[in-house]
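Student: Structure in structure tokens, see below.
Nothing in this text is a laboratory measurement; each read-out follows from the coordinates by a stated rule. These numbers come from a predicted model, not from an experiment. All Cβ positions, glycine included, derive from the backbone under ideal geometry; neighbour counts span all protein chains shown.
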Amino acid sequence: MEPEVVVLSRETRIDDYKNFFFKDKAGNEHKIGAKRTNFDELCNLIVVNPDKAVKLTYDEYKGRSYIVGVAIVADELPEPTAVKTSAAHTPQQYAPQEIGMWFNNLCAGIRDGSIERDFPKSHVYIKQQVYKMMSERTSIKFKKEEEV
């Protein structure tokens, strides 16, 4: 494979398998496998030089390319590329079964009084929110009791 010149960003991470991932300014993610013989050297070079251009050299093994070397490039800066933008963040949608489970647990806590023990400062607010959400999702309407 041909060497690739990229400008490093500050985004790096290590996964559960101790593989090192880093992103370039174009938003592409690159991986350095934990089993590389020069793993520490390559990772340190990337972490210490954010916002600099580097040349990534590749090799192939069983049809898959992997990074063999990283070198800082002083003269050749790559052409600026448009950064990939992700779609607008949408809130996570929970399954109806999961919502039902939460309602069941919260209502059980309200019934047996454990919610007051577990959340002494916010149990009133939690109860109000549970009743509000329950009335929105069901046809049950709650009336506020007036003190006598």
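Student: Which of rounded, prolate or oblate describes the range 96-137 when judged by the alpha-carbon gyration tensor and an a/c cut-off of 1.5? Write out the running numbers ahead of the final one.
Tutor: Numbers: a/c = 2.44, a/b = 1.50, b/c = 1.62.
The shape class here is oblate.
Student: Next question. Can you sort Ser9, Ser139, Ser122 by how many other beta carbons sit within 10 Å, fewest first? Present the calculation step by step, with values, prior to reporting the outcome.
Tutor: On the way: Ser9 16, Ser139 5, Ser122 11.
Least crowded to most crowded, the residues run Ser139, Ser122, Ser9.
Student: Within the range 5-56, which chymotrypsin sites (Phe, Trp or Tyr not before Pro) sit in a loop by DSSP and count at most 10 neighbouring Cβ atoms inside 10 Å?
Tutor: Working: sites: Tyr17, Phe20, Phe21, Phe22, Phe39; in loops: Tyr17.
Answer by residue number: Tyr17.
Student: As an exercise, use a Förster radius of 22 Å and the Cβ-Cβ distance of Thr138 and Ser114 to find the FRET efficiency, rounded to the nearest 0.05. All intermediate terms of the calculation are to be shown ahead of the outcome.
Tutor: Working: r = 23 Å, r/R0 = 1.05.
That gives a FRET efficiency of 0.45.
Student: Now for a different question. Could you compute the FRET efficiency for Glu4 and Trp102, with r as their C-beta to C-beta distance and R0 at 30 Å, rounded to 0.05? Don't jump to the answer; show the numbers that get you there.
Tutor: Working: r = 47 Å, r/R0 = 1.58.
That pair, Glu4 with Trp102, gives E of 0.05.
Student: With 10 angstrom as the radius, rank Cys107, Cys43 by how many other C-beta atoms surround their C-beta, starting from the fewest.
Tutor: Details: Cys107 15, Cys43 18.
The most exposed by this proxy come first: Cys107, Cys43.
Student: Out of the GluC sites (Glu not before Pro) in the range 107-146, which ones are loop residues according to DSSP with at most 10 other C-beta atoms within 10 Å? Intermediate values should be presented prior to the final figure.
Tutor: Numbers: sites: Glu116, Glu136, Glu145, Glu146; in loops: Glu145, Glu146.
When the GluC sites (Glu not before Pro) of the range 107-146 are filtered for loop state and at most 10 Cβ neighbours within 10 Å, Glu145, Glu146 remain.
Student: What residues have an amide H closer than 5 Å to that of Ala34, excluding those fewer than 5 places away on the same chain, when H is modeled at 1.01 Å from N in the peptide plane?
Tutor: Under 5 Å from the amide H of Ala34: Asn19, Phe20.
Student: Please work out the FRET efficiency for the pair Ile126 and Ala34, using the Cβ-Cβ distance as r and a Förster radius of 41 Å; give the result to the nearest 0.05.
Tutor: Working: r = 44 Å, r/R0 = 1.08.
It comes out at approximately 0.40.
Student: Okay, moving on. Order of Tyr61, Tyr131, Tyr94 from fewest to most other C-beta atoms within 10 Å?
Tutor: Values: Tyr61 7, Tyr131 16, Tyr94 11.
Ranking Tyr61, Tyr131, Tyr94 by Cβ neighbours within 10 Å, fewest first, gives Tyr61, Tyr94, Tyr131.
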